[in-house]
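The values are calculated or read from the model by the stated rules, or taken from the named source; none is laboratory data. Everything numeric here is computed off the predicted structure, so don't read it as measured data. Here the Cβ positions follow ideal geometry from the backbone for every residue, glycine too, while neighbour counts run over all protein chains shown. Ligands, DNA and RNA are excluded from the accessible area calculation, which covers all protein heavy atoms including side chains. Shrake-Rupley method; radii C 1.70, N 1.55, O 1.52, S 1.80 Å.
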Amino acid sequence: MSLRGKTIIVTGAARGIGRASAELLASAGADLVLVDVADDLPLVPYALGTEGQLAHTEKLCRAHDVAVLSCPADVRDLRAVEDVVATAVQRFGRVDAVVNNAGIAAPSGKAVHEIGEDEWSVMLDVDLFGAWRMTRAVGGTMARQRSGSIVNISSTAGLVGYRNFAAYVTAKHGLIGLTRAAALDYAPFKVRVNAVCPGSVRDDPVLEGRMLSEIAKSLDVPVSEHEEIFVQAQPTNELVEAGDVAEAVLWLVGDGSRGVTGSVVTVDGGFTAK
Amino acid sequence: MPAVLTAYESYDALSPTERSKPLDHHAIVLSGGPRADPEVLAERLRDVVAGCPVVRQGAEEPGKVWLEQVPHRSDDPRAVRTLHRELLRPVPLYGPAPVRLVVLRCEDGDQLVFTAARGCLDRASLTSVARAVAGGPDSSPRRLWWDLPVAGPGDGEGEAADAGADGGGPDCRAAHRFTVPTTPDTPPSRAARLAAVAYTAMRYLDRTDVTVGVVRRRHRSAAVLGAAEEAVPLTLTVTGADTTGELLARARTALDGLARPADDRQEAWGGQEPGTPRITVAFDEESPGSGHEVSYFPGTWPGAPLVVHWFGDEAVCLFDESRHGRELVEQYCRHLTAVLGQLLEQPPATPVDRLRLLDDDEEAAIRELADGGPLDAEPRCVHRSFEEVAAAQPDAVAVSHKRETLTYRQLDARANRFAHALRSLGVEHGDRVGVCMERSTDLVVVLLAVLKSGAAYVPMDVGYPVERLAYTAKDAALRLVIGPEKASDPGIPSVRTVSVADLALRAEPEPDIPVIDRTDPGQPAYVIYTSGTTGHPKGVVVPHRNVTALIEATRSDFAFSARDVWSQFHSVAFDFSVWEIWGCLLTGGRLVLVPYFSARSPESFLELLVSEKVTVLNQTPSAFSELARLCRPGAAGGADTAPAHGTVSVRLLIFGGEALDPRVLRPCLDADGWSQCRFVNMFGITETTVHVTAQTVTRTEILHGDRSVGRPVPGWSVSVRDSRGRLLPQGVRGEIHVGGAGVALGYLDRPELTGERFLDDPVTGGRTYRSGDGGRLLPDGRIEHMGRLDNQVKIRGYRIETDEVRAVLLEDPALSDAVVIPGRDQAGGLRLDAYLIFREDAATAYGTAEVRERAAKVLPPYMLPSTWTPLSEMPRTINGKLDVGELPAPRPAMPGNARPAEEESATGEQSGLLAQVCSTWSEVFGFTVGPDHDFFGIGGNSLLATRLSAVFREKGLPPLQTRDLYRNPTPRAIAAVLER
């Protein structure tokens, strides 16, 4: 039970990497605050996490005998994000870690000059500014506690570029910049900020994951064969599992990674090593 | 409800990192009442906290009530775990409301958990709030007043992280629960519980008084809300003559006094009186009525090193694990429980001395732990043992000195002839013969001869001053002294002296067969004089059987054999030589006497070790540190002085005579030759025949600076006792007593002193010797040696171990050695003087001031030496130990590069007033003070400041206010102020 007594906020917790991470953290004994928009966004062309999915994640976490609070909230709303943190502090007395996992993969699939202003904005607003808002909301609390760990879920798209994917790539690159800068801001207070860069993560039906097929669409990869095609680019000859990403998150939120801050942990089966 | 207290098990299961953020909150749990509607509770909570003066911000809801569904009965382990987790959850450091209410809805009812910060709401207040919110027949809606302001957001920033501000490390909280005996009808009284806590502490600390903080509340009315608890210090004094009844009465009186306000009350939690043990006691409050069952969870009370919180027949001890080891605390609780039981059972007229901390089983276990085990050795006489070895290997070389050698046969024969000669000189069985000779093979012959003649030898060092030799001769009533070679030496007045040359002449015609001798192994073999720190030297009388027992006890562990070559380095007057000589000769080895000058030059000594292929080397740590310097690459300095010898063959290096700080061995770890050597640290005393314990020192001990002296050798035993001779529990510091086969017969002609130091052990029937050394017993039976009891100094109430300060100084990479001794300043107060030896390769810019600066980062101010004097080498006595009398006058810390000339000019010509101020300061401090020396930098403190003012007055100087001194802390600055 290495996370016993810790309180962790996970955004985008309804499904996918968010659900996998939340459950793994719960199994390690952490109390959880699960955040998801639990609704659709008009500009996003696919269905986002639902209340039912969020409730299911909560149920999976509770099975590990930890306390869980579900807080539906849109990370584009600063006030809502601050309320989540305030609620967490009221209920649990502290916030030990935040996993900024909320992210959207579309609207994408267009070259730069074809992207509309609000398409560009919504991508950055969720994928980059959302993490900034949450960091802003917990930073003071963690600094006062003299302890804390913020984990930003970036992507291999934060390390290299992809065609027709500029907004996502920009946001994910920016997220790494935010990670490093915030790490320096908070280092004197023993609060750490790190990023995880997942590569091609398989959409696990149990986790109700969706991201990879949406990315396939944006990258013009036929969805029926997208897994096979992505695998060919993997030196390990297999896709990454969401659980693998969750393990990196587990390490970074805990005391075992005490000496690690401002760094990037890449979980991509060797994709960017080429 | 015991479930509340079992939460501590869950707390202890947290990692030390988590526990270093202690719980400064506590909680009240109400259960057994009717199921409550959370909305109603929330409204009541809002009402209660409405009057609380706290700054709110944002969307925080002051009266929020959290509801958790727990799908189990409340006694189900899963429900209990959930309750524990709630109890261990902190309240936010700042927050909208001072109380958090979580309703755990179990299958069989609600548990209402009210949590608050201890610094905001004390126990009584929290209970009042809980009652007011939970409702029920007893809670009238009375006004609740707030006493202390509650911290708002932004207050207390970082304070939780800085807990442990005493200068110790971070506070790491732990908890230990224990139960106490109860008489059938009533729980033990508060007085009894307080008395048990205090008395047990007194025994652990070996004191007759102890101050315990007892928690009480400033306000009587529970309607006043706030943090009004404080720990009032109560002092209990108990001497051996008192009875348990008197102890209880005093505890009762002290507790009664709690109700009255104290006039000069010391601070609650934070107050630190040096030397005062910080134990705090709290008693559970009664919480009658209200239709609910009320349980209290005290959290961990950070800031107080040890808290005993009583709950009826259960108690919880909350302590800082970084300060007090868990095993020790558990043991302490066990002992205080035993004491409490005895206080309750035994009649009031029972003398307090009859209270036992340790029961028979525990005592037996402790004794066994520190027992070296049985020694299967027949008592023998030293010379008989030698004769057997000689018979077995007559042609092996026994002893050599420069080019002279003697085989075993030759040594035996010559000693026999000398023994006859001694007899012819009138030496009789049971006499004492002084041996005061230069080092030579004949020295060993004479020692052996004296033993063979049935007498005991009294070794005297030729280097001693004549008065000392005369004193020894007289005190020991020597029949005669075998004196140095040269017949022209004046000899020792008032005793017959025969030069060894004369003795040899007399021996020539004598037969080389043994003298008829009826010496019993229990009779004296030698008398060695030791000086204590006070008084005249006294002779320790050691019988034959002790020496042979020591050899037998160590023979197999050290694998002594005829192939070994031993060095004989130490003065014959130092009992280490007994070990060198007889350890070698009774195991068939070859003894190499180290010539006088080789012993004084590390390079020549090293050459000797190599050329003679010495395998067993015995050294004092001071002496070895010289050799160790030669282990460093490049230390020989220059190609032409580089020793072209080979590597040492030493397989066994035994340290004795002084405490060893294993870090001096660091250079040897990988050095040629030494890396194959086994290092052994042996603690020993002359009065128990050279050695008591042995500890092999490996890389681990060297790297950690582990000063354990190990376990007793077979046949020897050790116990740690308090000043009254009572056995102390394991882990508790006391005086080391030694028993077993090595205990000497006593002090020659000093029956009183012998009676004081050599005690009869009622349990084993044997004798033990009080060593005057402090130490404690570790769980694995090893002894941790904690320095001479008189190396402990009390400076301004602080108890300081000079060895500890020395250890810190030794960590400075610029120093190769250091010593710390107590000194006195002119105000009559004690201070610490540090003497330092800088390494040759240390930067010249790094002076004593820099050493001081570095040490000041580690040592608390009261442990920082006041003076810092550099030396080129440590003055040593004949025995190789530090010669305190030869240390130069102490000096204040100076930065590097300050040449003596500069120092002089710094204190040279000055204006009249400045000169007077400097000289006054110099008088008070006891060393020359320059015009720019900083008062605190040279060891000034409030006592010296007062003294300084007084001396100023005496000399008719303008008056010196202490605050002026503190603001202008140099003589120059003071002079400037006074001139105005």
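Between the DSSP loop rule and a limit of at most 16 other Cβ atoms within 10 Å, which GluC sites (Glu not before Pro) in the range B:509-612 are left?
Qualifying residues, ordered by number: B:Glu612.
How big is the A-B contact in terms of buried accessible area, both chains counted, 1.4 Å probe, rounded to the nearest 100 Å²?
Chain pair A/B: roughly 2300 Å² of buried accessible area.
What residues have an amide H closer than 5 Å to that of B:Val214, excluding those fewer than 5 places away on the same chain, when H is modeled at 1.01 Å from N in the peptide plane?
B:Val232, B:Leu234, B:Val281
With springs only between Cα atoms under 10 Å, which of A:Ala86, A:Ala242, A:Ala22 fluctuates most in a Gaussian network model of chain A?
A:Ala86
List, in the order given, every pair from B:Lys452/B:Lys538; A:Lys190/B:Lys64; A:Lys172/B:Lys64 whose Cα-Cα distance in the structure shown is over 27 Å.
A:Lys190/B:Lys64; A:Lys172/B:Lys64
Eigenvalues of the Cα gyration tensor times 5, then square-rooted: what semi-axes does that give for the range A:115-239, in whole angstrom, largest first?
31, 17, 13
Residue by residue through the range A:146-157, what is 3J(HN,Hα) from phi via Karplus (6.51 cos²θ - 1.76 cosθ + 1.60, θ = phi - 60°)? Round to whole Hz and write x for glycine and proline.
6, 6, x, 9, 10, 10, 9, 8, 8, 5, 4, 5
Using Cα pairs closer than 8 Å and at least 6 residues apart in sequence, work out the relative contact order for the range A:7-263, in percent.
21
Say we join alpha carbon atoms closer than 10 Å with springs in a Gaussian network model of chain A; which of A:Lys172, A:Lys59, A:Lys190 then has the biggest fluctuation?
A:Lys59
Within a 10 angstrom radius of each residue's Cβ in B:8-19, how many Cβ atoms of other chains show up on average? Whole number is fine.
2
Can you tell me which of A:Ala111, A:Ala20, A:Ala195 moves the most in a GNM of chain A? Springs connect C-alpha atoms under 10 Å apart.
Judging by the Gaussian network model, the answer is A:Ala111.
What FRET efficiency comes out for the pair B:Asp780/B:Arg563, r = Cβ-Cβ distance, R0 = 35 Å, nearest 0.05?
Rounded to the nearest 0.05, the efficiency is 0.60.
If ligands, DNA and RNA are left out, what is the accessible area of B:Arg782 with a 1.4 Å probe, given in Å² to the nearest 10?
About 50 Å², rounded to the nearest 10.
Order of B:914-920, B:953-959, B:38-44 by packing, highest average Cβ count within 10 Å first?
Ranked by mean Cβ neighbours within 10 Å, highest first: B:914-920, B:38-44, B:953-959.
With a 1.4 Å probe and every protein chain left in place, work out the accessible area per residue of chain A in Å², rounded to a whole number.
On a per-residue basis, 39 Å².
Can you give the log10 of the normalised intensity I(q)/I(0) at q = 0.09, 0.11 Å⁻¹, computed with Debye over equal Cα scatterers of the range A:7-263?
Computed log10 I(q)/I(0) values: -0.35, -0.54.
For the ranges A:128-136, B:835-843, what's the packing order if you count other beta-carbon atoms within 10 Å of each residue, average per peptide, and put the highest first?
A:128-136, B:835-843
In the range B:543-597, which trypsin sites (Lys or Arg not before Pro) are in a loop and have at most 14 other Cβ atoms within 10 Å, using DSSP for the loop call?
Answer by residue number: B:Arg563.
Run the numbers for B:Tyr966 and B:Val884: contour at 0.36 nm per residue of separation, minus the present Cα-Cα distance, in nm.
Extending this stretch completely gives an extra 26.1 nm.
Starting from one equal scatterer on each C-alpha and no solvent at all, send me the Debye-based log10 I(q)/I(0) for the protein assembly as shown at q = 0.09 Å⁻¹, two decimals.
-1.20
Based on a Kirkwood Rh over C-alpha pairs, give the Stokes-Einstein translational diffusion coefficient of the range B:906-979 at 20 °C and viscosity 1.002 mPa s in µm²/s.
It diffuses with D of about 181 µm²/s by this estimate.
Could you work out the mean count of beta carbons from other protein chains within 10 Å of each residue's beta carbon in A:252-259?
Counting other chains' Cβ atoms within 10 Å and averaging over A:252-259 gives 1.
Counting partner chain Cβ atoms within 10 Å of every residue's Cβ in A:85-92, what's the average?
Mean inter-chain Cβ contacts per residue within 10 Å come to 6.
Using each residue's phi in the range A:3-15, evaluate 6.51 cos²θ - 1.76 cosθ + 1.60 at θ = phi - 60° and report the 3J(HN,Hα) Karplus result to the nearest Hz, with x for Gly and Pro.
10, 4, x, 9, 10, 10, 9, 10, 9, x, 7, 5, 7
Apply the Karplus curve 6.51 cos²θ - 1.76 cosθ + 1.60, θ = phi - 60°, to the phi angles in the range B:232-240 and return the couplings in whole Hz, x for Gly and Pro.
Those phi angles translate into 8, x, 10, 9, 10, 10, 9, 10, x Hz.
Residues with amide H under 5 Å of B:Val763's amide H, sequence separation 5 or more or different chain, H placed in the peptide plane at 1.01 Å from N; which?
Those lying under 5 Å, H to H, from B:Val763: there are none.
Within the accessible area of the range B:906-979, what % is carbon and sulfur when the probe is 1.4 Å and the other protein chains stay in place?
C and S fraction of accessible area: 50 percent.
Please list, in chain and number order, the residues 5+ apart from B:Asp817 or on another chain whose amide H is under 5 Å from its amide H, with Hs placed from the backbone.
B:Ile837
Residues with beta-carbon under 12 Å from that of B:Ser872, excluding B:Ser872: net charge, scoring Lys, Arg +1 and Asp, Glu -1?
-2
With 13 Å as the cut-off, how large is the P(r) tail for the range B:301-345, expressed as percent of Cα-Cα pairs?
The answer is 59 percent, as a whole percent.
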